[in-house]
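Novice: Mind having a look at this structure? Questions to follow.
The values are calculated or read from the model by the stated rules, or taken from the named source; none is laboratory data. Computed from a prediction, not measured in an experiment: that's the story for all the values here. Don't worry about glycine lacking a Cβ; one is built from the backbone with ideal geometry, like all the others, and counts go over all protein chains shown.
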Amino acid sequence: MTQNLENSKDSLRALALGALGVVYGDIGTSPLYAFKQAFDPTSHLRLSVDNIYGVLSLIFWALTVIVTVKYVALALRADNDGEGGILALMALVMRRYAPRTRGRYVAVMLGLIGAAMFYGDSIITPAISVISAIEGTAIATPLLQDLVVPITAAVLIALFVVQRHGTEAVGRYFGPVMLLWFAVLGVLGAVHIAQHPGILQALNPWWGLDMFIRRPGLAMFLLGAVFLAVTGGEALYADMGHFGRVPVQRAWLCIVMPGLLLNYFGQGALVLMHPDAVKNPFYYLAPSWAVWPLVLLATAATVIASQAVISGAYSMTTQAIKLGYLPRIRVRFTNERNQGQIYVPFINWLMLVFVLLLVFAFRSSDNLAAAYGLAVNVTMVTTTIFLWMVAASRWNWSTRRVNLTLAPLLLVELLFLASNSMKIDHGGWFPLVFGAATYTMLSTWKRGRSLLKRQLQEHSLDLKDFVHSLSTYPPARVEGTAIYLTPDVNTVPHALLHNLKHNKVLHERVFFLSAQTADVPHVPPEAGVHLTAMEEGIYLLHAEFGFKDEPDVQKLLRDCERLFGLEFHLMETSFFLARQTIIPSKIRGMALWREVLFAWMSRNAQEASDYFSIPPNRVVELGTQIEI
């Protein structure tokens, strides 16, 4: 019993250490720029005891309310069978509403907005994190000031290039590096707090409230800088599935939050004693001999933070594909034992292009800060609205309890959103434009697939009538097994009709295979595979996958052999796929430009045979043109 308890504790420690690298990389690098941004010249906030105490008070209570209360105490409870993230939460909320209802439509719209802004966050985080670390080189050697942008670009290019090799080898060092990072944050801050212990008065919320009383307009504008201290909080929920709720909570309460607060308060104490240090208070915390080692450690930490959001973008993409909001895109699995280790080439290179554009366009962490906060803020507001729905429907909270708990959280985040919106002209426009473009693509693909399905159904034959007709007008039968992929088990696949029309034969055994993605992460074969035998050697095979499961037809056939006793000889089995060519038209459905976009996305989608891992030498494709 004692041994099991020790093993359990060791496992929790290992998971908590791993969470430091994957979950807390983003928020852990916020001290590089958050406090500095509050006293940026554009904020017109003069250095004074009241203002420094006020900023620190707002940072402390923002971390406490948004991260500790909302995410650590509440959001980590709203798991979708152990998985987190905005799309997993959307799928959880959608269970509350029947199909084609207004509530379901609103839930989908909010989820897609949150997902679109998450992609914006994934673009901005590598840019602002790495450039803020490299800016330390200018502190160590001012002659390197002009090389900050080129060095940042080189680091980012290297980071995206190595993605194709997988993150497992580097990942095992993420936790220890971040543990060292948070220890250094705490030590640097504690040294200066000891020199000016009065700075701890800023824990009193009155200092923050006093700023709103004295200069409400300036304080409102300042919230945008304060919000930078909580960016990355969404990762606590998004990466919950990798480590579990308890390790993520313990890592925050025992290591991350203490390290962050010590460093922020240390920066405040330093600026009180040496006002000139406000130019870059994080690096001025260190003695001159330690600046270069700190630059190297900060660069490593920001690379880890970037890696976390890049991996998050990969995971978000695969979830969106399986939930039907993106076309099939080639996904490579870089670890045979862990399906979470994935690489999406198209997303990887697209992100690199946008990240480099941001670095060369904005050229400093100060300029990027305005763009950063807005992207994360919108996602956080969406998560809070979803938590409101989950608390009412799944946790069985009373209306009073839901309102008293979540209304203040939503109000705080809306105040932050109002502040971040003031910076649209200074860079906040980028996540809005990028998010709008991403939302358009996600919603267009979903809508286009619905229209395509409707068109196919209008020109389809009823499956039962077709099977019955085979006994009356039997076609020629040939040996072997034919598997037809179809989105609708109630109608005859168009590929089969084309095969009969042109080849005038039907195989000895015919399977109509339909695949569906459930709103849960994983579905075991025993629950997800269903077989229905019909007449004339016809079978209906329905497979249900979780949105984090990998569709694999060969594995599915092995499951059928195990569950139903059917034998499949792959060299005697042919897979028939229908390739639809989309023709935009003036038929009522979508705007013509969206139909053109949908047709382009459809042409560039990954082959169904690759997506379902079908052997290419066993595939027969039959094409058709469809107007939508």
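Novice: Quick check on this structure: which one of V108, V65, V69 is modelled with pLDDT under 90 and either surrounded by fewer than 24 Cβ atoms within 10 Å (Cβ to Cβ) or assigned by TED's automatic domain parsing to the domain that holds V230 (or both)?
Specialist: So the residue among V108, V65, V69 that is modelled with pLDDT under 90 and either surrounded by fewer than 24 Cβ atoms within 10 Å (Cβ to Cβ) or assigned by TED's automatic domain parsing to the domain that holds V230 (or both) is V108.
Novice: Moving on to the next point. Can you give me the number of residues within region 378-410 that are over 24 Å from the mean Cα position of the chain (by Cα), hydrophobic (A, V, I, L, M, F, W, C) and within 24 Å of R104 (Cα to Cα)?
Specialist: Total meeting the criteria: 5.
Novice: Out of region 34-61, which residues are part of a loop (DSSP other than H, G, I, E, B) and within 15 Å of L270 (Cα to Cα)?
Specialist: F39, L47, S48 - these are the residues of region 34-61 that are part of a loop (DSSP other than H, G, I, E, B) and within 15 Å of L270 (Cα to Cα).
Novice: Take region 386-399 and flag every residue that is outside any helix (DSSP H, G or I) and in contact (Cβ under 8 Å) with a residue 12 or more places away in the chain.
Specialist: R394, W395
Novice: Quick one: would you say S306 is of a type in the set (S, T, Y), assigned by TED's automatic domain parsing to the domain that holds I131, touching a residue at least 40 places away in the same chain (Cβ under 8 Å) and touching a strand residue (DSSP E or B) at 6+ places or on another chain (Cβ under 8 Å)?
Specialist: no
Novice: So, in region 362-384, how many residues would count as being surrounded by fewer than 18 Cβ atoms within 10 Å (Cβ to Cβ) and not small (G, A, S)?
Specialist: Number of matching residues: 2.
Novice: While we're here: Take the residues in region 89-105 that are surrounded by 16 or more Cβ atoms within 10 Å (Cβ to Cβ) and over 30 Å from L261 (Cβ atoms); name whichever of them is modelled with the lowest pLDDT.
Specialist: Applying the filter and picking the extreme gives Y97.
Novice: Shifting gears a bit: I need the full set of residues from region 448-463 which are in a helix (DSSP H, G or I) and either among the acidic types (D, E) or loosely packed, with under 12 Cβ neighbours inside 10 Å (or both), in order please.
Specialist: Result: R454, E458.
Novice: Now a separate question. Sort out for me the helices (runs of 4 or more DSSP H) sitting completely within region 146-219 that have 2 or more residues that are farther than 29 Å from F416 by Cα.
Specialist: 148-161, 168-171, 174-195
Here's the yes/no breakdown for (1) assigned to a strand (DSSP E or B); (2) touching a Lys or Arg at 6+ places or on another chain (Cβ under 6 Å):
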| residue | (1), (2) |
| --- | --- |
| A482 | yes, no |
| V489 | no, no |
| A495 | no, no |
| N499 | no, no |
| E508 | yes, yes |
| F511 | yes, no |
| V520 | no, no |
| E526 | no, no |
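Novice: Could you please tell me which pairs satisfy a Cβ distance under 8 Å, a separation of 6+ or placement on different chains, a first residue in region 414-435 that is outside any helix (DSSP H, G or I), and a second residue that is polar (S, T, N, Q)?
Specialist: So the pair list comes out as G427/N367; G428/N420; G428/S421.
Novice: While we're looking at this one, here's another question. Take region 389-401 and flag every residue that is of a type outside the set (K, R) and either surrounded by fewer than 19 Cβ atoms within 10 Å (Cβ to Cβ) or outside the structural domain of A107 (by TED's automatic domain parsing) (or both).
Specialist: Answer for region 389-401, where residues must be of a type outside the set (K, R) and either surrounded by fewer than 19 Cβ atoms within 10 Å (Cβ to Cβ) or outside the structural domain of A107 (by TED's automatic domain parsing) (or both): A392, S393, W395, N396, W397, S398, T399.
Novice: Select from region 229-249 the residues that are more than 16 Å from N80 (Cβ to Cβ) and within 12 Å of the chain's Cα centre (by Cα) and write down the one among them that is surrounded by the fewest Cβ atoms within 10 Å (Cβ to Cβ).
Specialist: G232
Novice: Conditions first: (1) buried (at least 23 other Cβ atoms within 10 Å of the Cβ); (2) over 26 Å from L374 (Cα atoms); (3) over 22 Å from the mean Cα position of the chain (by Cα). I151 passes all but one, so which condition is the exception?
Specialist: All conditions are met except number (1).
Novice: Something else now. If only one of W252, W207 is modelled with pLDDT of 90 or more, surrounded by 15 or more Cβ atoms within 10 Å (Cβ to Cβ) and within 24 Å of the chain's Cα centre (by Cα), which one is it?
Specialist: W252
Novice: Taking region 500-519, which residues are buried (at least 21 other Cβ atoms within 10 Å of the Cβ) and in contact (Cβ under 8 Å) with a residue 60 or more places away in the chain?
Specialist: The answer is H507, and nothing else.
Novice: If we scan region 403-416, do we find a residue that is assigned by TED's automatic domain parsing to the domain that holds G136 and closer than 30 Å to T152 by Cα?
Specialist: yes
Novice: Does T383 fit the bill of being touching a residue at least 24 places away in the same chain (Cβ under 8 Å), of a type in the set (S, T, Y) and assigned by TED's automatic domain parsing to the domain that holds L223?
Specialist: So T383 fits the description; yes.
Novice: Another question, if that's okay. Taking the stated definitions as given, is L74 in a helix (DSSP H, G or I) and buried (at least 23 other Cβ atoms within 10 Å of the Cβ)?
Specialist: It is false that L74 is in a helix (DSSP H, G or I) and buried (at least 23 other Cβ atoms within 10 Å of the Cβ).
Novice: Are any of the residues in region 350-360 buried (at least 18 other Cβ atoms within 10 Å of the Cβ) and within 16 Å of the chain's Cα centre (by Cα)?
Specialist: yes
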